[in-house]
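Structure, as structure tokens:
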Amino acid sequence: MNKVVVLGSGTGIPSLRRASPSLLLSSENVRLIIDSGPGALRRMLKVGITYRDIDLLLYTHLHPDHTADFVPILFASKYGDHPREKELTCLGGPGFRFFVEKLQDLYGSWIRPQTYHLTIKEISSNPFLWGHMKILSAPMAHLAGSVGYRFEWQDKKSLVISGDTDYCESIVTLAQGTDLLILECSFPDEKKVEGHLTPSLAGRIAKESQCKRLLLTHLYPICDQYDILGQCRKTFQGDIIVAEDLMEIEL
């Protein structure tokens, strides 16, 4: 069984309702974290996952609200009483390797592994194979190096995660026919910001990609004052879910 847990449905703006962006994907015995905004480590504990359990860390882009707990994860993995032992692979878009190198220059031995092997990779146009999963990516319209991910399994199930993006053809193509499409939905229709989606634009992507279910996340606090679901239904009449922290969705 494949399951997605929303560790954080918010943004970089502090909110008592929504933590910063992070998703947990559990697939058989594999646990993946997609983005790890501030507080992700504590949210993981709420669903029974620790820094020792993660198999794969993926990043959609390098903004702090998506990466702030990357260093704490590596730092915690060196904890003397319970150090991480199994291999950890971290994956990001173009520029991710340089980003990690600079962090290692800054923090030095504090984050360099001693008890486990750390692999840093930049995703390419070729599929990334991880056990029984195939991971594909495409550039998103947000920040240089931003990528969205598509996960495919042998039973033909699939999941697509946009990360931060504006409307673009690449997310429509990446999400074609997917079972669950997770899109950012930063601002209501009335408050459109370049580089981000509104509910109506998210619905347009869902309709054009013919996804089976749509999950809206990355919601700025102002979204709580609007009917985000209703705005999305203007352009997509399928199954829509507005994310809340610690929400679980089975595929």
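Here are some notes:
- Maximal additional length on extending the VAL30-THR115 stretch stands at 28.6 nm, based on 0.36 nm per residue less the C-alpha distance.
- Other-chain or far-sequence residues with amide H under 5 Å of SER158's (modelled H): ASP179, LEU180
- The range 11-55, Rg to Rh (Cα coordinates; Rh as Kirkwood inverse mean 1/r): 0.99
- Normalised by residue number, the volume inside the convex hull of the Cα atoms of the chain is 114 Å³ per residue.
- 3J(HN,Hα) along the range 194-211, derived from phi through the Karplus expression 6.51 cos²θ - 1.76 cosθ + 1.60 where θ = phi - 60°, amounts to 4, x, 9, 9, 10, x, 5, 5, 4, x, 4, 4, 4, 5, 5, 8, 6, 6 Hz, with x in place of Gly and Pro.
- Order of TYR167, TYR51 - criterion: other Cβ atoms within 10 Å of each residue's Cβ, fewest first: TYR167, TYR51
- Across the range 177-190, computed HN-Hα scalar couplings (Karplus, 6.51 cos²θ - 1.76 cosθ + 1.60, θ = phi - 60°) run x, 5, 6, 9, 10, 9, 10, 5, 8, 5, 9, x, 3, 6 Hz from first to last residue, x flagging Gly and Pro.
- Over the range 170-251: Rg over Rh, Cα atoms, Kirkwood Rh: 0.94
- Neighbour-count order for ILE182, ILE34, ILE73, ILE120, fewest beta carbons within 10 angstrom listed first: ILE120, ILE73, ILE34, ILE182
- Whole-number percent relative contact order across the chain, with pairs defined as alpha carbons under 8 Å at least 6 apart: 18
- For ILE241, the residues whose amide H sits under 5 Å from its own are LEU214, LEU215, LEU216, ignoring neighbours fewer than 5 places away on the same chain, with H placed 1.01 Å from N.
- When shorter helices are ignored and each DSSP H run of at least 4 residues is given -39500 (n - 2.57), the per-residue value for the chain at 222 nm works out to -5500 deg cm²/dmol.
- Per-residue Karplus couplings for the range 233-241, computed as 6.51 cos²θ - 1.76 cosθ + 1.60 with θ equal to phi - 60°, are listed in order as 5, 5, 10, 9, 9, x, 7, 10, 10 Hz, Gly and Pro entered as x.
- For LEU103 and MET247, the difference between the fully extended length at 0.36 nm per residue and the C-alpha to C-alpha distance is 48.7 nm.
- Fewest-first sequence of SER209, SER9 by Cβ atoms within 10 Å of each Cβ: SER209, SER9
- Long pairs among LYS86/LYS156; LYS156/LYS212; LYS157/LYS212; LYS134/LYS157; LYS3/LYS157, criterion Cα-Cα beyond 18 Å: LYS86/LYS156
- Formal net charge of residues neighbouring GLY195 (Cβ-Cβ distance under 9 Å; K, R +1; D, E -1): -3
- Net charge of neighbours whose Cβ lies under 10 Å from the Cβ of ASP245, counting Lys and Arg as +1 and Asp and Glu as -1: +3
Bear in mind these aren't lab numbers, they're just calculated from the coordinates by the rules spelled out. Remember, it's a predicted structure, so these values are computed and weren't measured experimentally. Cβ coordinates were reconstructed from backbone atoms using ideal geometry, including for glycine residues, and neighbour counts include every protein chain displayed.
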